[in-house]
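Asks: After the structure tokens below, expect a handful of questions from me.
Only the coordinates and a few stated rules stand behind these numbers; no lab work does. These numbers were taken from a predicted model, which means no experiment stands behind them. Methodologically, a virtual Cβ is constructed for each residue, glycine included, from the backbone with ideal geometry; neighbour enumeration extends over all protein chains shown.
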Amino acid sequence: MGLFDSLAKQALGGIMGGNQQGDMLSGLLNQAGGLDGLKDRFQQVGLGEVFASWVSTGANQSVQPSQLEGALGSDATQNLASKVGFDVKNLLPLLSQFLPQVIDQLTPNGSIDETHPSSEKLQSVLSSVMKSGLGSFFGGRA
């Protein structure tokens, strides 16, 4: 495993919660008002269809790092970056790659059934995303 792979896993572990109680993703969701609040933020910046694709049972549309920062807000992204010890410019590409997968797995029925997922559900989804996503993100080397 290369240095970049290790750093990405470390950052994603911090972003996505790793084994921490009250993980950072939960904090990000809570700050946004849960999944419904996050959906509203994406709609406000013209990315409602992108977020809706993550919730739906179809293919996930991609989001650019700058679009993601616009939807989440620069304060929230800066706060998250400082918590994981990364520069926002390095954090946003990782987050834009994995947040769609997280939202997709949190909404398996194609709708937001639980606006504030439990810590256990978040941990399960994040573990799944990190196992499957890192392998494809780094060319099959997870």
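Asks: Collect the residues in the stretch 57-98 that are assigned to a loop (DSSP other than H, G, I, E, B) and either among the hydrophobic types (A, V, I, L, M, F, W, C) or exposed (fewer than 14 other Cβ atoms within 10 Å of the Cβ) (or both), keeping them in residue-number order.
Replies: Of everything in the stretch 57-98, those that are assigned to a loop (DSSP other than H, G, I, E, B) and either among the hydrophobic types (A, V, I, L, M, F, W, C) or exposed (fewer than 14 other Cβ atoms within 10 Å of the Cβ) (or both) turn out to be 57, 58, 59, 62, 63, 64, 85, 86, 87.
Asks: Identify all residues within the stretch 108-124 that are farther than 19 Å from residue 33 by Cβ and either part of a helix (DSSP H, G or I) or in contact with a helix residue (DSSP H, G or I) (Cβ under 8 Å, 6 or more places away or on another chain) (or both); write none if there are none. Walk me through it before giving the result.
Replies: The first filter runs over the stretch 108-124 and keeps only residues farther than 19 Å from residue 33 by Cβ, leaving 108-110, 120, 123-124.
Correct list: 110, 120, 123, 124.
Asks: From 101, 105, which residue is closer than 17 Å to residue 129 by Cα, without any contact (Cβ under 8 Å) to a residue 60 or more places away in the chain, assigned to a helix (DSSP H, G or I) and in contact with a Gly (Cβ under 7 Å, 6 or more places away or on another chain)?
Replies: Result: 101 is the single residue among 101, 105 that is closer than 17 Å to residue 129 by Cα, without any contact (Cβ under 8 Å) to a residue 60 or more places away in the chain, assigned to a helix (DSSP H, G or I) and in contact with a Gly (Cβ under 7 Å, 6 or more places away or on another chain).
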